[in-house]
1. Return a yes/no flag: does the range 111-124 have any residue that is in a loop (DSSP other than H, G, I, E, B), under 16 Å from LEU155 (Cα atoms) and of a type outside the set (Val, Ile, Thr).
2. Please state which of the following conditions LEU151 fails to meet, knowing it meets all the rest: (1) over 14 Å from the mean Cα position of the chain (by Cα); (2) under 30 Å from VAL63 (Cβ atoms).
3. Inspect all residues belonging to the range 21-35 and state whether any of them is open to solvent by 60 Å² or more (accessible area, probe 1.4 Å), free of Cβ contacts under 8 Å to residues at least 24 places away in the same chain and under 15 Å from ALA93 (Cα atoms).
4. Given the options THR59, THR76, name the one that is touching a residue at least 24 places away in the same chain (Cβ under 8 Å), open to solvent by 20 Å² or more (accessible area, probe 1.4 Å) and either closer than 25 Å to LYS169 by Cα or part of a helix (DSSP H, G or I) (or both).
5. Of the residues that make up the range 164-180, is at least one touching a helix residue (DSSP H, G or I) at 6+ places or on another chain (Cβ under 7 Å), assigned to a helix (DSSP H, G or I) and modelled with pLDDT of 95 or more?
6. Scan the range 62-73 for residues that are of a type outside the set (Gly, Ala, Ser) and free of Cβ contacts under 8 Å to residues at least 40 places away in the same chain and jot them down.
7. On the given criteria, is GLY139 closer than 21 Å to MET174 by Cβ and either out of contact with any strand residue (DSSP E or B) (no Cβ under 8 Å at 6 or more places or on another chain) or at pLDDT 95 or above (or both)?
8. In the range 99-126, which residues are open to solvent by less than 20 Å² (accessible area, probe 1.4 Å) and either farther than 17 Å from SER37 by Cβ or of a type in the set (Gly, Ala, Ser) (or both)?
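The values are calculated or read from the model by the stated rules, or taken from the named source; none is laboratory data. It should be emphasised that the depicted structure is a prediction, and the values quoted were computed from it without experimental measurement. Positions of Cβ are backbone-derived with ideal geometry, glycine not excepted, and every protein chain shown enters the neighbour counts. These accessible areas exclude ligands, DNA and RNA; they are computed on the full protein's heavy atoms, side chains included. Shrake-Rupley method; radii C 1.70, N 1.55, O 1.52, S 1.80 Å.
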Amino acid sequence: PTPLIPPSTFSSLKARYEAYDALRESVIKTCREVQKSAKNAIFALHRSDYARAKSLLETCERVGNEVHAMIGGDETLRQGSFSNSLEEYAEAALFHSWLESGEVRAFGSFAALPINEVEYLGGVCDLSGEVGRVAVVHGTKRDKGKVQGCLDTNLAILMALEEVQLPGKLGKKMDPLRQR
């Protein structure tokens with residue numbers, strides 16, 4: 001009997017799927033370094049170790065650009081690990097600049113990595129938690145001015161985000177922000 005589906009169709013699909021899966025696994029493993037470096041940069045910033053934080057952010061940028069080159073324009077490979085690691089990087093970079101200037105970096109200011117709108121907004125949502133932790137540190141020192149500055153930042157973040165129709169998981173991040 002004649003096969004209903006030519007065998008060459010499936011052998012070709014199998015080869016393409018295996019290549020895609022191998023690339024996907026490589027992207028996931030490499031993104032771990034970006035995400036871990038971003039988290040460690042945040043920890044370093046909380047300890048006022050700015051040199052270590054800067055080095056870790058540079059690692060995020062170098063490795064993140066390697067991943068970006070690996071995936072090319074394939075949006076299915078961007079979703080998940082890569083996008084999550086870019087969001088973590090955005091949070092760390094936002095926190096770093098907020099500590100230096102007291103301001104939240106603008107969306108278009110991320111030239112080192114291709115941060116999209118959702119990753120930026122996720123980083124801004126998560127920044128509010130870091131700002132809250134800074135407020136606690138200043139509160140234990142009874143520094144009302146710095147605590148007020150943290151509150152003002154988080155209120156500004158909340159008011160700005162309330163104006164945006166946040167997609168999916170970002171909408172869920174608003175509840176903790178409203179409680180801060």
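1. Within the range 111-124 (the criterion being in a loop (DSSP other than H, G, I, E, B), under 16 Å from LEU155 (Cα atoms) and of a type outside the set (Val, Ile, Thr)), the answer is no, since none of the residues qualifies.
2. Just one mismatch for LEU151, condition (2).
3. Checked against the condition, which is being open to solvent by 60 Å² or more (accessible area, probe 1.4 Å), free of Cβ contacts under 8 Å to residues at least 24 places away in the same chain and under 15 Å from ALA93 (Cα atoms), the range 21-35 yields no hits at all.
4. Details: THR76 fails: touching a residue at least 24 places away in the same chain (Cβ under 8 Å).
Answer to the check: THR59.
5. Checked the range 164-180: no residue is touching a helix residue (DSSP H, G or I) at 6+ places or on another chain (Cβ under 7 Å), assigned to a helix (DSSP H, G or I) and modelled with pLDDT of 95 or more.
6. Matches in the range 62-73: ARG62, VAL63, GLU66.
7. no
8. Once the filter is applied, which keeps residues that are open to solvent by less than 20 Å² (accessible area, probe 1.4 Å) and either farther than 17 Å from SER37 by Cβ or of a type in the set (Gly, Ala, Ser) (or both), the range 99-126 yields GLY122, GLY123, VAL124, CYS125.
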